[in-house]
Amino acid sequence: MKKILLTGALGQIGSELTMKLREVYGANNVIATDIRSAENEVVQSGPFEILDVTDGKAMHEIAVKYKVDTLIHLAALLSATAEAMPLLAWNINMGGLVNALEVAREERCQFFTPSSIGAFGPSTPKEKTPQDTIQRPTTMYGVNKVSGELLCDYYFQKFGVDTRGLRFPGLISYVAPPGGGTTDYAVEIYYDALKTGKYTSFIAAGTFMDMMYMPDALQAIITLMEADASKLIHRNSFNVTAMSIEPEQIAAEIRKTIPSFKIDYQVDPIRQRIADSWPNSIDPTAAKEEWGFKAEFNLEAMTKDMLEKLKEKLAAK
Ligand code: VAH
């Protein structure tokens with residue numbers, strides 16, 4: 001990776017990945033794009049372009065203008081939004097992905113796009129979900145993610161594009177809020193713990209889902225993209241996770257810092273149905289064996305860091 005084009009650079013992953021890549025590869029070597037601009041460090045610390053990923057021609061022009069050799073495609077609608085607007089989700093998630101893969105093919109770029117635990121469905125083994133198993137998701141987001149994994153495999157096999165990807169769990173972060181996800185409760189809970197001392201969860205107690213702290217997700221992307229291609233058996237869909245947790249466990253960890261913290265529940269049936277269709281825990285062995293995946297943060301370390309960093313962020317407002 002020398003000259004990197006990112007789509008969705010103002011999103012939950014993109015906001016932090018852009019800054020991390022600029023630190024590692026040089027600010028001018030990371031071209032951030034998003035459908036809108038913003039008054040923030042992503043836009044102000046290096047090249048930024050407005051880009052609607054459904055406009056393949058515009059994406060290609062930016063790739064040629066900056067002579068990029070790597071395309072990191074993050075722009076997508078997440079699970080709950082996709083369930084509310086399935087056709088729009090298909091157009092953006094699949095139309096954007098095809099455009100990005102075509103640019104990578106024509107400009108001979110290395111390619112990354114995330115998959116998700118959402119690529120699994122109710123018929124998938126729920127515990128320690130294997131790397132290779134049944135994938136019959138019952139959400140539009142899941143259909144997009146399975147199709148995306150297959151499409152990226154196809155571009156590698158048919159055209160030799162060096163496509164790589166990770167099946168991300170829920171990602172927890174304090175820089176840019178997530179939007180429209182089923183796992184967003186696991187981010188909101190930390191904000192509300194500091195703002196009001198209580199949180200009303202839209203996901204039921206006892207609903208286990210895989211989660212990971214954003215620093216581990218960013219490192220996983222860079223480590224995978226820098227990995228020796230000859231060692232990769234599963235290119236576009238590595239299971240990665242740091243923990244399998246449920247709302248009561250996060251609440252108990254928060255109480256170690258804020259003893260009076262309270263959680264109650266107003267379950268959102270749509271997002272609960274999505275969560276219930278996903279695995280309780282996935283098996284990241286292939287990622288560990290093929291390119292040395294390792295998560296540094298467990299629930300205790302993540303909660304401590306989240307509360308510290310969010311306290312600073314909220315105080316600065
Ligand atoms: C979502 N945060 O909730 C995303 C992610 C595994 C969850 O794909 O849709």
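Of the helices (runs of 4 or more DSSP H) entirely within the range 1-75, those holding at least 1 residues that are modelled with pLDDT of 95 or more, within 16 Å of the ligand (Cβ to nearest atom) and touching a helix residue (DSSP H, G or I) at 6+ places or on another chain (Cβ under 9 Å) occupy 12-25. Determine, yes or no, whether residue 125 is over 21 Å from the mean Cα position of the chain (by Cα) and modelled with pLDDT of 95 or more. Yes. The single condition from (1) buried (at least 17 other Cβ atoms within 10 Å of the Cβ); (2) without any contact (Cβ under 8 Å) to a residue 60 or more places away in the chain that residue 235 fails is (2).
Against the test of being of a type outside the set (A, V, I, L, M), in contact with a helix residue (DSSP H, G or I) (Cβ under 7 Å, 6 or more places away or on another chain) and over 26 Å from residue 19 (Cβ atoms), the options 269, 259, 247 yield a single qualifying residue, 247. Beta carbons closer than 7 Å, at least 6 apart along the sequence or on distinct chains, pair a first residue in the range 123-151 that is aromatic (Phe, Trp, Tyr) with a second that is within 13 Å of the ligand (Cβ to nearest atom) for 141/78; 141/79; 141/82; 141/83; 141/89; 141/118. Within the range 194-228, work out how many residues are β-branched (Val, Ile, Thr) and more than 16 Å from residue 294 (Cβ to Cβ). Looking only at that region, the number is 4. Per the conditions (1) out of contact with any strand residue (DSSP E or B) (no Cβ under 6 Å at 6 or more places or on another chain); (2) within 23 Å of residue 249 (Cα to Cα); (3) within 15 Å of the ligand (Cβ to nearest atom), the sole criterion not satisfied by residue 127 is (3). Only one entry in 38, 82 is buried (at least 21 other Cβ atoms within 10 Å of the Cβ) and either among the small types (Gly, Ala, Ser) or over 20 Å from residue 150 (Cα atoms) (or both), namely 82.
Quick check on residue 226: is it surrounded by fewer than 19 Cβ atoms within 10 Å (Cβ to Cβ) and either free of Cβ contacts under 8 Å to residues at least 40 places away in the same chain or not small (Gly, Ala, Ser) (or both)? Against the criterion (surrounded by fewer than 19 Cβ atoms within 10 Å (Cβ to Cβ) and either free of Cβ contacts under 8 Å to residues at least 40 places away in the same chain or not small (Gly, Ala, Ser) (or both)), residue 226 qualifies. For the range 265-279, a residue qualifies if it is within 13 Å of the ligand (Cβ to nearest atom), over 17 Å from the mean Cα position of the chain (by Cα) and either buried (at least 18 other Cβ atoms within 10 Å of the Cβ) or hydrophobic (A, V, I, L, M, F, W, C) (or both), and the qualifying residues are 270, 271, 277.
Once the range 98-113 is narrowed to residues that are crowded, with 23+ Cβ neighbours inside 10 Å and under 19 Å from the mean Cα position of the chain (by Cα), the residue that is nearest to the ligand (Cβ to nearest atom) is 113. Filtering the range 85-95 to residues that are within 16 Å of the ligand (Cβ to nearest atom) and either in contact with a strand residue (DSSP E or B) (Cβ under 7 Å, 6 or more places away or on another chain) or touching a residue at least 24 places away in the same chain (Cβ under 8 Å) (or both) leaves 86, 89, 90, 92, 93, 94. The residue pairs whose first member lies in the range 1-26 and is farther than 21 Å from residue 95 by Cα, whose second member is among the acidic types (Asp, Glu), and whose beta carbons are closer than 6 Å, counting only pairs six or more residues apart or on different chains, are 2/69; 3/69.
The values are calculated or read from the model by the stated rules, or taken from the named source; none is laboratory data. This is a predicted model, so every value here is computed, not measured. Cβ: placed from backbone, ideal geometry, glycine included. Neighbour counts: every protein chain shown.
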